[in-house]
Amino acid sequence: MTDLTLTTLIPLILALFVTGAIAGILSGLLGVGGGIVVVPVLFWVFKFLGYPPELGMQVAVGSSLLTVAITALTAAKSHHTRGSVDLGIIRRWAPFMALGALCGGAVAGLVKGPFLMLVFGTVALLVAWNMALPRTRILAPALPERRGAQPAMAAGVGLVSSMMGLGSGTLGVPLMTAFSVPVHRAVGTAAALGLVVGSAGTLAMLVTGLGVAGRPPLSIGYINLIAVAFVLPLSVLCAPYGTKLAHALDPIWIKRAFALFLGATALRMLTAAF
């Protein structure tokens, strides 16, 4: 374990506060979910503190899911007041997304850390590529009406998002926009569904992490309350500002800049996995 002094502790705390602020803004602005930033930062923080990568990754995922759930509630309220939450999609997707997220959280709590790092790095690299594209590829003029199609989509998004410690927006927004859901409506709907993914995933990570040896202090299952306490406040406070920016700006250049950051983060995570 790394010896903690003010010299090392203060920069770590500041990094977690800044991470929370960025996560909240991105949650409202791009609908990607703050977990895409929170997970790698927490992973590197726990690694710096001397925790093994396999345990650090699981605690990072579990802690991120709790912050995602609470931040999503704030972002969803802000989007709902602007009329950009599709309640029909939520009714159709929420039960299956919750089931997928429970399974994803259970898998994340039981598999080895390097596997989670590989999943996170691969999916994050694909998301970065998608965000860097000049325009959204449209697959169909509407969401599929075939029986089982949308439940399968929702369960898949919930499964992978929960395994990565994310809300539903990182995968859900590009999926919805590919089926012609307007981007602002997709972002708002994904923000609301983030509460479903975050809550179900948190429950699974809490249960699977009970009794695991060597976890950081004040951990319940794979949820570290200290990390959540530092990340969450600014994440919740900044989410509505991200929502305002989403309705005021064309986020294309922000998306491209974030794609570069995410691509670099994904490559570092993939390197660490091996």
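The values are calculated or read from the model by the stated rules, or taken from the named source; none is laboratory data. Keep in mind it's a predicted model, so treat the numbers as computed, not measured. Cβ atoms come from the backbone with ideal geometry, glycine included; neighbour counts cover every protein chain shown.
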Note on the range 185-224: residues crowded, with 24+ Cβ neighbours inside 10 Å, farther than 26 Å from residue 88 by Cβ and hydrophobic (A, V, I, L, M, F, W, C) are 204, 205
Cβ pairs under 7 Å, 6+ apart or interchain, first in the range 103-130 and closer than 16 Å to residue 221 by Cα and without any contact (Cβ under 8 Å) to a residue 40 or more places away in the chain, second charged (D, E, K, R) and surrounded by 18 or more Cβ atoms within 10 Å (Cβ to Cβ), ordered by first then second residue, are none
Exception for residue 90 within (1) farther than 20 Å from residue 212 by Cα; (2) at pLDDT 85 or above; (3) buried (at least 21 other Cβ atoms within 10 Å of the Cβ) falls at (3)
Within the range 40-55, the residues that are at pLDDT 90 or above and surrounded by 24 or more Cβ atoms within 10 Å (Cβ to Cβ) are 42, 43
If we take the range 37-141, then helices (runs of 4 or more DSSP H) inside it with 3 or more residues that are over 25 Å from residue 261 (Cβ atoms) are 53-81, 87-110
Only one of 5, 19 is closer than 24 Å to residue 217 by Cα, among the β-branched types (Val, Ile, Thr) and modelled with pLDDT of 85 or more, namely 19
Flagged in the range 164-194 as under 15 Å from residue 255 (Cα atoms) and within 11 Å of the chain's Cα centre (by Cα), in numbering order, are 169, 170, 171
Does residue 66 fit the bill of being surrounded by 14 or more Cβ atoms within 10 Å (Cβ to Cβ), under 23 Å from residue 242 (Cβ atoms) and in contact with a strand residue (DSSP E or B) (Cβ under 9 Å, 6 or more places away or on another chain)? yes
Those residues of the range 73-122 that are among the β-branched types (Val, Ile, Thr) and within 17 Å of the chain's Cα centre (by Cα) come to a total of 4
Exercise for review: Could you tell me whether the range 167-174 includes any residue that is in a loop (DSSP other than H, G, I, E, B) and in contact with a helix residue (DSSP H, G or I) (Cβ under 9 Å, 6 or more places away or on another chain)?
Suggested key: yes
message: Condition first: within 23 Å of residue 99 (Cβ to Cβ) and out of contact with any Lys or Arg (no Cβ under 8 Å at 6 or more places or on another chain). Can you find one or more residues in the range 223-235 that meet it?
response: yes
